[in-house]
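Read-outs: derived from the displayed coordinates by stated rules, not from any lab. Treat the numbers as computed from the prediction; the structure is a model and nothing was measured. Please note: Cβ atoms are built from the backbone with ideal geometry, for glycine as well, and neighbour counts cover all protein chains shown.
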Amino acid sequence: MFFLHRGRCGRPVRRRTAVAAGALLALTPLTACGSGDGAKVSATGTAEVTLGVIPIIDIAPVHLGISKGVFARHKLKVTTQSAQGGAAIVPAVVSGDFEFGYSNLVSLFTARDKRIPVTMVAVGARASDDVLDDGSGQLMTRDPAIKGIADLKGKKIAINTLKGINEVAVKSSLKKQGLSPDDVSLTEVPIPNMPETLNSGKVDAAMMSEPFISIAKGQGAKPLPVSYASMGRNLPFAGWFTSKQFAAKNPEVVKRFTAALKESLIYAEAHPDEARAALNGYLKLDAGLSGKVTLPGWNPEAGRNEIAPLAQLAVDAGLIGSTRPLDDLLAR
């Protein structure tokens, strides 16, 4: 179900899920009618910012930072708004409906490949070091006949959005096993709906994030070696970003947000129990579930060389033409 409000450009913005990934590809810099807006700043200097987020474990540090007063200390009043994936958040940031957004890096590479004016402010999360235990991206199945990647041939796989990191994770894993991307069928399913969709038999496997991985495990699902870690152990795979127009007009707000964000990410990595507890504030979890989930890495510092392998995988998967979008994304 969708809940709509009117954004700054007068267009409807969906509160729980958002526009399909195709909106990202259709968007050009010319359509960014709200991207030149300045931040709303109070008389005391506090800036109001809305963050486009995905309701998954990755964003726990932001909620923890809000509750700890980190953003308030940096004179920021933060509101979060959920969407289905990074490919949906990018257009909302560029249009000015969100000041900042969270996205997998592949969606950001795709945006820059289309000359969509976004710039990254910090790495948002990292893969684990275990291809069978990655809390941010793990392929799960309930089919006992699927024992490995080769058994996925002819199967239907759920991912949250097409043309994003989950598509790259699946395609790169298939390629390593000598299979073709055409050997599987990819279908879009919102991450929170994946355990139920897997149980119903509508898909044979689903690329999930925590806490939904743990939920699926409790219902009898098992992991397959297709994950963010399978693309690279401890690989940076997501980032926080803004539009280049907003960054140019509000450099002080971007500076304060980046500082508060990095402080929150570092704190969450150093205090995993508090990060787990933060999940209960924005996700409806069964008692005790937050203590079982696998957390991602949250070290926000990463240079081009650490991110480059993911950009090359996106090239290999046919999503971007070269790794140049990575340099464009990191440029201010």
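With the simple model of a label 7 Å out from the Cα in the direction of the Cβ, Ser322 to Ala248 spans 2.3 nm.
Taking the dipole about the Cα centre of the chain, with the C-beta of Lys and Arg at +1 and of Asp and Glu at -1, give me whichever of Leu162, Val254, Phe212 is farthest to the positive side. Checking the options against the dipole of the chain, the answer is Val254. Rounded to the nearest 20 debye, the dipole size of the chain about its Cα centre is 780 debye, using +1 on the Cβ of Lys and Arg and -1 on the Cβ of Asp and Glu. Remark on the chain: Rg and Dmax equal 18.7, 63 Å (Cα only).
When peptides 119-129, 206-216, 45-55 are sorted by average Cβ neighbour count within 10 Å, with the highest value leading, the order is 206-216, 119-129, 45-55. The angle separating the long axis of helix 86-95 from the principal Cα axis of greatest extent in the chain is about 20 degrees. Three principal axis extents of region 78-199 based on alpha-carbon atoms, in descending order, are 47, 29, 27 Å. Sorting the segments 309-321, 266-278 by their residues' average number of neighbouring beta-carbon atoms within 10 angstrom, most packed first, yields 309-321, 266-278. The gain in end-to-end length when the Ala331 to Gln177 segment is fully stretched comes to 51.9 nm, 0.36 nm per residue minus the alpha carbon separation. Projecting the Cα positions of Val70, Ile57, Ala83 onto the charge dipole of region 37-99 (unit charges on Cβ atoms of Lys, Arg, Asp and Glu, taken about the Cα centre) puts Val70 furthest along the positive direction. Remark: spin-label model distance Thr44-Glu188 equals 4.1 nm, labels positioned 7 Å along the Cα→Cβ axis.
Close Lys pairs in region 75-172 (alpha-carbon distance under 23 Å; sequence gap of 8 or more, or different chains): 11. Only the Cβ atoms of Lys and Arg (+1) and of Asp and Glu (-1) were treated as charged; on that basis the dipole of region 138-231 about its Cα centre amounts to roughly 200 debye.
Taking a sphere under 10 Å around the Cβ of Lys202 and counting the other residues whose Cβ falls inside, with K and R at +1 and D and E at -1, yields a net charge of -1. Counting only alpha carbon atoms, the long axis of helix 304-316 and the longest principal axis of the chain meet at about 50°. The count of lysine pairs in region 182-332 that are at least 8 places apart or cross chains, and whose C-alpha atoms lie under 16 Å apart, stands at 4. Note on Lys255 and Glu274: the extension gain reaches 4.3 nm, defined as 0.36 nm multiplied by sequence separation minus the Cα-Cα distance. Set the Förster distance to 25 Å, then compute FRET efficiency between Thr197 and Asp151 from the Cβ-Cβ distance, nearest 0.05. Here the calculated transfer efficiency is 0.85. Orientation-averaged projection of region 138-231 equals 5.0 nm² [convex hull of Cα atoms, one quarter of hull surface area].
Taking 7 Å steps out from each Cα toward its Cβ at Ser67 and Glu306 produces label points 2.6 nm apart.
Think of the chain as having a plus end and a minus end, set by charges on the Cβ of Lys, Arg, Asp and Glu; of Gly137, Val93, Tyr282, Val93 sits farthest toward the positive end of this dipole.
Bridging of Lys68 to aspartates and glutamates at a Cα separation below 15 Å is possible for Glu263, Glu269, Asp273, Glu274, once same-chain residues fewer than 8 apart are set aside.
Ser128 sits among other residues whose Cβ lies under 10 Å from its own Cβ, and their net charge, with Lys and Arg +1 and Asp and Glu -1, is -2. The value of relative contact order for the chain, using C-alpha pairs under 8 Å at least six residues apart, is 25 percent.
Against the chain, whose longest principal axis comes from its Cα atoms, helix 165-176 is set at around 30 degrees.
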